[in-house]
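Where a number appears in this text, it was derived from the coordinates with a stated rule and is not lab data. Because the structure is a prediction, the values reported are computed rather than measured. Cβ placement follows ideal geometry from the backbone for every residue including glycine, while neighbour counts extend to all protein chains displayed.
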C-alpha cells in the first residue's frame, strides 16, 4: 500500500473524530436525497460540497457540509412574514 492511501483503520479513525464524513455517510446525512453516485458526479464536475481527497479516500469535512447547507437554504416568504408579525429577529 502506498503512503498516500489511507488504510481502513486510518479512514475510520478520521471519521470517528466526527470531523469528516465518507460519501456513504453524507448520503445518509441527507436521508438518501443525495446518492453516493450524485456525490461522485458532483466531484467530477467540481460542484456540490467541498471534499478532501487523500489517495483514494474521499472525505467531506462536516464544517464544509454545514456551510454548504447554509448557502443552499431557501427562505420562504411565509417565514419572513411570520417573523415580521411576531417581531422575532432571524
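Odds and ends about this structure:
- Our summary gives the stretch 16-74 a relative contact order of 37 percent, counting only alpha carbon pairs under 8 angstrom and 6 or more residues apart.
- Computed label-point distance, nm, for sites residue 52 and residue 78 using a 7 Å Cα→Cβ extension: 4.0
- In terms of packing, defined here as the mean over residues of other Cβ atoms within 10 angstrom, the peptides 66-77, 38-49, 20-31 line up highest first as 20-31, 38-49, 66-77.
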